[in-house]
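Undergrad: Below are the structure tokens for one structure; questions will follow.
The numbers here are math on the coordinates, done by the rules we state, and not lab data. Please read all numbers here as calculations on a predicted model, not as lab measurements. Glycine gets a Cβ as well: all are built from the backbone with ideal geometry, and neighbour counts include every protein chain shown.
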Amino acid sequence: MTELGREKLRTVFGEAAERYDRCRPGYPAELFDDLGTIGPRSRVLEIGCGTGQATLSLARLGCAIVAVELSTDMAAIARQHLVGFPTAQVVVSAFEDWTLPAAGFDIVLSATAFHWLDLAVRTSKAADALCPGGTLAVISTHHIAGGTESFFAEVQECYERFDPTTPPGLRLSASGDVPTDSTEIDESRRFGPVQFRRYEWEQTYSTHEYIDLLLTYSGHRAMPPAQQTGLLNCISNLIDTGYGGRITKRYMTQLATAHRTS
């Protein structure tokens with residue numbers, strides 16, 4: 001992805017902030033347990049909090065949170081969710097432009113947002129934000145094989161018809177085939193070894209709910225209107241006629257953690 005393309009696509013989520021808040025799933029509860037010593041005394045910087053899917057879980061643990069979010073509309077919804085948690089604040093800014101406070105954080109966390117940050121800045125600035133020994137936690141979400149498998153094989157025909165960039169015969173990867181890549185963090189020389197943890201789970205959607213979800217994805221939102229309409233109508237028809245109006249999607253959430261060295 002070019003720098004121009006990344007800058008354009010990462011702004012489209014704010015155009016559908018309420019839909020994003022309504023449709024995007026949260027994160028497994030055990031993931032936050034696996035962050036280790038986190039609680040009322042923990043100072044957390046969250047990068048790209050969106051509408052607060054991860055932020056609320058952190059706030060319930062009593063953390064003191066500064067959440068940085070690019071979109072004004074998404075930040076406003078996150079603030080609504082955090083009413084009643086006075087130790088959590090949301091700042092509207094691109095992380096790359098945000099001035100780090102003098103005091104370091106115990107945890108810098110980014111949930112499904114780290115890949116949208118400037119590659120030249122994100123890892124070094126995250127390290128700068130941490131206290132020595134503090135934890136960088138990067139959460140990513142992957143759609144993997146499972147759930148209503150036949151639907152996800154058949155739906156590729158819709159994508160191939162309406163999105164010419166779709167590779168022919170594309171199929172979902174099994175969880176074990178999703179790579180773990182610590183190269184960027186390792187090469188920064190600012191962190192110790194990266195640890196990976198994985199959590200698999202499923203969610204069932206009605207036709208309307210699934211189309212709503214697709215309209216929160218940057219690639220779908222960026223499609224030309226005629227292509228987008230054709231694709232979504234094709235998918236809706238397949239779910240309604242072939243799957244009784246309901247399909248199940250299997251997710252794998254991956255947590256990568258590394259401790260800042262002295």
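Undergrad: Please work out the Cα center distance from the range 205-262 to the range 36-72, rounded to the nearest Å.
TA: Centre-to-centre (Cα) distance: 25 Å.
Undergrad: Thinking of the range 191-262 as a set of Cα atoms, what percent of all their pairs are more than 22 Å apart?
TA: Details: 1160 of 2556 pairs.
Looking at the range 191-262, the distances longer than 22 Å represent 45 percent of pairs.
Undergrad: Mind pulling the angle between the C-alpha long axis of helix 225-242 and the longest principal axis of the chain? Nearest 10 degrees, somewhere in 0 to 90.
TA: Helix 225-242 sits roughly 70 degrees off the main axis of the chain.
Undergrad: Can you say what percent of the DSSP beta bridges in the chain, counting only those with both residues inside, are antiparallel? Round to 5.
TA: Values: 23 of 42 bridges.
The antiparallel proportion sits near 55 percent.
Undergrad: Further question: For a quick check, take a GNM of the chain with Cα springs below 10 Å and name the residue from Val108, Val66, Val83 with the largest mean-square fluctuation.
TA: So, out of Val108, Val66, Val83, the one fluctuating most is Val83.
Undergrad: Further question on the same structure: For the range 154-247, with the dipole built from +1 on Lys and Arg beta-carbon atoms and -1 on Asp and Glu ones, taken about the Cα centre, which of Leu231, Gln195, Thr166 lies farthest toward the positive end?
TA: Positive-end residue among those listed: Gln195.
Undergrad: If you place +1 on the Cβ of every Lys and Arg, -1 on the Cβ of every Asp and Glu, and leave all else neutral, what size is the dipole of the range 20-151 about its Cα centre, to the nearest 20 Debye?
TA: Charge dipole, the range 20-151, about its Cα centre: 280 debye, nearest 20.
Undergrad: Based on Cβ point charges of +1 for Lys and Arg and -1 for Asp and Glu, what charge dipole magnitude is obtained for the range 165-252 about its Cα centre, in debye rounded to the nearest 20?
TA: Working: 9 positive and 10 negative charges, 10 e Å.
Taking the Cα centre of the range 165-252 as origin, the dipole is about 40 debye.
Undergrad: Still on this structure, please answer the following. So how many Å³ per residue does the convex hull of the Cα atoms of the range 42-180 work out to?
TA: Numbers: hull volume 22.7 nm³, N = 139.
Value for the range 42-180: 163 Å³ per residue.
Undergrad: Quick check on the chain: what are the equivalent-ellipsoid semi-axes from the Cα gyration tensor, as sqrt(5λ), descending, whole Å? Could you put the intermediate results ahead of the total?
TA: Numbers: eigenvalues 218, 77, 67 Å².
Result for the chain: semi-axes of 33, 20, 18 Å.
Undergrad: What is the local net charge at Thr141, summed over the other residues whose Cβ is closer than 12 Å to its Cβ (Lys, Arg +1; Asp, Glu -1)?
TA: Surrounding charge for Thr141 is +3.
Undergrad: Measure nothing but the geometry: give the 0 to 90° angle between the long axis through the Cα atoms of 72-81 and the longest principal axis through the Cα atoms of the chain, rounded to 10°.
TA: The helix 72-81 is inclined about 80 degrees to the chain.
Undergrad: Run the lone-cysteine check on the chain: no other Cys C-beta under 4.7 Å from the residue's C-beta.
TA: Lacking a cysteine Cβ partner under 4.7 Å: Cys23, Cys49, Cys63, Cys131.
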